[in-house]
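The values are calculated or read from the model by the stated rules, or taken from the named source; none is laboratory data. If you're wondering where the values come from, they're calculated on a predicted model, not measured in any experiment. All Cβ positions, even for glycine, are placed from backbone atoms using ideal geometry, and neighbour counts span all protein chains on display. The accessibility values were calculated without ligands, DNA or RNA, using every heavy atom of the protein model including side chains. Shrake-Rupley method; radii C 1.70, N 1.55, O 1.52, S 1.80 Å.
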Amino acid sequence: MRSSITTLSPTTRVKTAAEFLLNGRAVAIDAASPETTLLDFVRARGLTGAKEGCAEGECGACTVVMVVDEGGRTTYRPVNSCLIFLPMVAGHEIHTVESLAAGGRLADVQEAMAAAGGSQCGYCTPGFVMSLFAEQYRPGRTGPCDPRSMAGNLCRCTGYRPIRDAAHSLGPAPDDDFRARLARPAPRLERVEIDGFSRPVTTDECVEILKQDPAATLVAGGTDLCVESNLRHKRWRHLVSVDGIAELRDFTESADVVRIGAALPLTDIGRLWQSAPPVISEWLELFASPLIRNRATLGGNLATASPIGDSAPILLALDASVQIAGSGGRRTMSLASFFTAYRRTALGPGEIITAIEIPTPLPDTIRFYKVAKRRLDDISTVAAAMAIDRDGSGRVRRARFAFGGVAATPVRIGEAEAAAVGQPWNEAAVERVQRIIDRTLTPMSDHRGSRDYRLQVSKSLVEKFWWETRA
Amino acid sequence: MAQQPTTPGGPLNVIGKRGPNIDAVERVTGRAKYTGDIDIPGMLVARVLRSPHAHARIASIDTSKAEAFRGVRAVITYKDAPKVMIWGNRQYALNNPVRFKGEAVAALAAVDAETAEKALKLIAVQYEPLPFVLDPEEALKPGAPQLFEDGNLEGMPRILNRGNIEQGLKESDKVIERMYHCPTMWSGGMEPRACVAQWEGDKLTLWASTQSPFRVHGSLAAMFGVPDGNVRIIASYVGGGFGTKSAPHTDESLAALLARKARLPVKLQYSREEEILDSNTRFETRIYVRVGVKKDMTINALELKAYINQGAYHTRLGGLGNQATHTYKTVNVRTEQYRVHTNIPNTGPTRGVGDPQEDFAVESALDEIAIEMGWDPMEFKLKNIKRNGDPIARGPAGVEDGRLITQVLDRCIELGAARIDWTRRNAAAGGQPGPKARGIGIALTERGGGGGVGGASVKVNLDGSAMVFYSSTDIGTGSRTTLAMIAAEVLSIPLSMFRTTAGDTEVAPYDGGSQGNRTLQGTGRAVQAAARDALDQILAAAGPMLDNTAPADLEMRDSVIRVKADPSKSVKLADVMQRRGRSAVGLGNTTAPQTGMNVERTTAAHFAEVEVDRETGKVRLLRYIAAHDLGRPINVTVVENQIEGGSIQGLALTQGEEMRFDKRTGGCLTGSFLDLKPPTMMDFDPRLIEAIIVPNEGVTGPYGAKGLGENPCHPGMAAVANAIYNAIGVRLREVPFSRGAVLAGLNAQRPAGSRTA
């Protein structure tokens, strides 16, 4: 199956047989277009339990679970099947709701949802069931199931209380085939080459593919790209998935740096970064729903360079740098210089982000704020991350103020940081910072918020930060 | 339930209990087949071309390339649309001119979605853009762009008068004038609109995601000029409706037209964006209120002048409910409504129809005037509400020609106030120091229900199992379960022996559909009658097996028929049915109950407690008490779900779900879940909402039940606005209550020149 990389080109790449396990059965991936979603594929096969509610990962009606490895442990992970291109599941094991009661008996989660009255119109129910199923079988879980595991699933009929009751009524996972499966390793992702889709397994292979086909498009979690395809019918000539590159899914923590693989799902960042301060888990929760976090990556979020992406402000405040690989070799640059213009980055042609590095120790005091209409799983109107270190006398030794949604790119406000350093952290300092914000930020007006509103919120957040961190 | 409910006939065995829905297994396993899940061999996929203009005449439309495209089987434009309006609502299946951005211009059916998408791009349309108008008051001004030849005002202004409003205001000791605005708001369910159309000769079968199959049935029979018997509508599982699916809509006509032209079955399923743009959404209201009170705490005059933004067409006319006329003993009342067409998408009845908007205006204005007079708003409202025996209008007219019965609104208020502890409310609004302040607010509401024709049949099979057939739907309201419970109670056949067929116009009698608090009350009465009919047949058949006992002297308990006077003489239902050798089919056709002068209404009192962050403007809900009169609960689990889910929908209106339109183009800026933000589990902690079922028993519904579905959605906006005022002294009269609006209100409170955070 292995082919010589040097001979690869868009026309001569050796095709591999791609298949995956769907509800325990091997299924060939033979879709006409690589942009066929997993949701459309399973529904076309008559597995209509998973529904389309929005096609952009906002409602969770399409939730299925995949079997994944979590640091040597096997687990079920719920994902939005509308946000996965079919070739991306090559080699995976997928279960839809139809799998649960295939033995003729309802699964515990199904019994619990039915008994609690957690299903009214029922359109969202299979999605809730799959999220809760994964939660019930989560290795190491003790106590009742956490209803927050279903935060990515929308329901319009219930007030969520019966669904929450269902979660709380569930005990340990039963001793069944689903639990037995977790005793064996999760599938390992192998190289895939099919029409219009590649999945390399090393960084070098990936870089080589991009060199051979400069028009190829990288896809990581797919939570952004699939929306482009589903809602705006965008198509790509050649998608290159970074899912299979082990290096990009690494997480290491040393004395002076935390290194996060660019393609490591957000869920795993929270899981692996055990020394992280609480602000990191708060940030991850605010970033997106669990269903999105199970797929979305930092590399993807930074590379799209949205001015309102949620990862940039906190990574800027943490003084992060970006590791980049390309055919010309590897380089590292500070995140502060990574964003060059609206939705533009310093990535050159054929370059990929391999990791994000965060210097440690982290600042003494750091906060992340996301102002959006809905608390979770929403696009920010303004996102901000602020950090300060103080010396023994209470004066600011180091300050970082980073914002998203207030300029064409995510920004750090160096002038404000300089104005705070060396001074006591008090109301006067806050007012100085606010005046600089007024002068330097250039937010735009749109339906999420007016220019003035964004400015006022930005200033309010500085005040809030001071209020929460004052000595 | 504190006590076992009873009726004159004895204790109830099924009704009044908790229990899961009888179709829960189908739903949790994914086996329930919704319209979009239906697959017919050879079925085509339809896609719709939509107008890029808010108002435009179609100068020319060329479909030849699309028609020639490989895999395309049918293309239709306004030229193919029969000149029969959809359910008489001013709209043909396809129209020229088009009157909102996103309106269907053409539709086609192809062998698959990808082909259909590609072919859509091949339809060449030349538009002549016309001036457009988005605001209902602007649309009434001279020189405004006109949507229809007879103008933008739909019909006459709807005016309702009681007493003399001007004199009432003049004789009041205090009068305030206010305006309350609710924007156009999305109100849909989880399932976007979907339908599958199949013609066999001149017979049309249409699977549709609708609340009211017989309305769609009538509309399509008229459009195609075929007898009623040639149309079958099936809406078995419907993924939520909330009013948006309560009437016939464009998609059903388009699918049927395409299927007829292609001579193949066609599926048309809207994307979420299409569902938001081309559905029936909650109409914008601008309500000008004048209210006058006397020093003795009586409401002396209440006037509402409402501008209602119908959008381009209408499913049914929007309008206010009866909050101003039916809740309080106000002598002088006037409501004036202008239903205005503008170039935004269709609006129509959604959960509560105009009641949530009207409730926001009335309940806020009464809160305002009470506070200005120095009264406790709850005491003020309690003093003025109509009570049993008070005069009340039987219909929508102003004349109070009936009298109120089975009203327990005072108990709703008392129980709700006790639960939230109304005494904790700030005596002076906005008095709490610090960055965060808490407040409590109250809002009442009322509604009727159960009107129209109800039809159902109940079949007892030869083995003693039973079925309920009805043509209204279970859109998540649990009607399959509650209607089966009614039949199970009447027949005394165990609920587990029941199956239901919902939403099928071929197998079930005519019924008004599922909207307006009516399924349980209206269809429920029909089921009760049908079950009684079937029972009579069974008892008559059992007589000869029990010494020829007369049916009146027999009774059935748990599927066993006994002689009342001598219960040792009994025969099993299955044996009776076997011997009878044919099903017992009971029919129930009911109209609105005849109650003479008596008027029965359904009421509620809601209490909100909020915490407002003065730094960010964030409003956090701390507690929400929803105390409801619903007569007797048929299934307590279903009732609690309806109250909690409805309350969340009402609360969601305070935070988002606003459809905002671009003034320059008329386009909707919020055409996705990401922008509309229906609440997730993390937005409102479910534990914060507490439903109180106020003990009561009605007289018009089955077993004393009243309709419930709409009411919980009504009071949220007013209750929260009143609570915000109590917390920080800022009065919000425009929905949604954004952080920006709260901050602006706080800034306006500050003396000039003070620092703004």
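Of note:
- Nearest-10 value in Å² for the accessible area of A:SER254, using the 1.4 Å probe: 60 Å²
- If you sort the three axes of the alpha carbon gyration tensor as a ≥ b ≥ c, you get a/c of 1.5 or more for chain B and a/b no higher than b/c, which makes it oblate.
- Applying 1/(1 + (r/R0)^6) with R0 = 51 Å to the Cβ-Cβ distance of A:ASP177 and B:ALA552 gives a FRET efficiency near 0.30.
- Efficiency of FRET from Cβ geometry, A:ARG237 and B:LYS174, R₀ 51 Å, rounded to 0.05: 0.10
- Stretch gain in nm, segment B:GLU128-B:ARG579, where the contour uses 0.36 nm per residue and the Cα spacing is subtracted: 155.1 nm
- Inter-part distance, the range B:352-401 to the range B:206-221, computed on C-alpha centroids, equals 36 Å.
- List of the range A:113-159 residues, accessible area with partners at least 40 Å² below that of the chain alone (1.4 Å probe): A:ALA114, A:SER119, A:GLN120, A:CYS121, A:TYR123, A:ALA151, A:LEU154, A:ARG156, A:CYS157, A:GLY159
- Sequence-separation-based contact order of chain A, relative, with Cα cut under 8 Å and 6+ spacing, percent: 11 percent
- In this structure, the amide hydrogen of A:SER198, modeled 1.01 Å from its nitrogen in the peptide plane, lies closer than 5 angstrom to those of A:LEU239, A:VAL240, A:SER241, counting only residues at least 5 positions away or on a different chain.
- Accessible surface of A:LYS211, taken over heavy atoms with a 1.4 Å probe and every protein chain present, rounds to 130 Å².
- Note on A:ALA215 and B:LYS383: with the Förster distance fixed at 51 Å, the Cβ-Cβ geometry gives a FRET efficiency of about 0.10.
- Protection proxy ranking, peptides B:638-647, B:260-269, average beta carbon neighbours within 10 Å, highest first: B:638-647, B:260-269
- Distance in nm between pseudo-label sites at B:SER60 and B:ASN747 (7 Å out along the Cβ direction from Cα): 5.3 nm
- Probe 1.4 Å, all protein chains present, accessible-area order of B:GLU368, B:GLU200, largest first: B:GLU200, B:GLU368
- Placing a pseudo-label 7 Å from each Cα along the Cα-to-Cβ vector at A:ARG344 and A:GLU431 gives an inter-label distance of 4.0 nm.
- Separation between Cα centres of the range A:139-186 and the range B:513-537, rounded to whole Å: 38 Å
- In Å², nearest 10: area of B:ILE40 left accessible to a 1.4 Å probe: 30 Å²
- Pairwise burial B:A, computed as accessible area of each alone minus the pair, summed, 1.4 Å, Å²: 6100 Å²
- Placing +1 on the Cβ of every Lys and Arg and -1 on the Cβ of every Asp and Glu, with nothing else charged, gives the range B:589-690 a dipole about its Cα centre of roughly 260 debye.
- Taking N as the residue count of chain A, its C-alpha radius of gyration divided by 2.2 N^0.38 Å amounts to 1.01.
- Signed unit charges on C-beta, dipole axis of the range A:200-359, positive-most listed residue A:GLY329, A:VAL207, A:ALA355: A:VAL207
- Relative contact order, whole percent, for chain B stands at 15, derived from Cα pairs under 8 Å and 6 or more residues apart.
- With all protein chains in place and a 1.4 Å probe, the accessible surface of chain A carries 50 percent carbon and sulfur.
- Positive-pole candidate from A:CYS121, A:GLY24, A:PRO144, dipole of the range A:2-181, charges at beta carbon: A:GLY24
- Summary of the geometry: the range A:27-101 and the range B:119-147, compared by the centres of their Cα atoms, lie 42 Å apart.
- Two-site label geometry, B:GLU149 and A:ARG271: point separation in nm, points 7 Å out along Cα→Cβ: 6.8 nm
- The H on the amide N of A:ALA288, modeled in the peptide plane, is under 5 Å from the matching H of A:ASP377, each at least 5 residues off or on a different chain.
- Mean separation of Cα contacts under 8 Å, 6 or more apart, over the residue count of the range A:95-237: relative contact order %: 19 percent
- Heavy atoms of the protein chains alone define the surface here; on that basis the range A:368-469 has 36 Å² accessible area per residue at 1.4 Å probe size.
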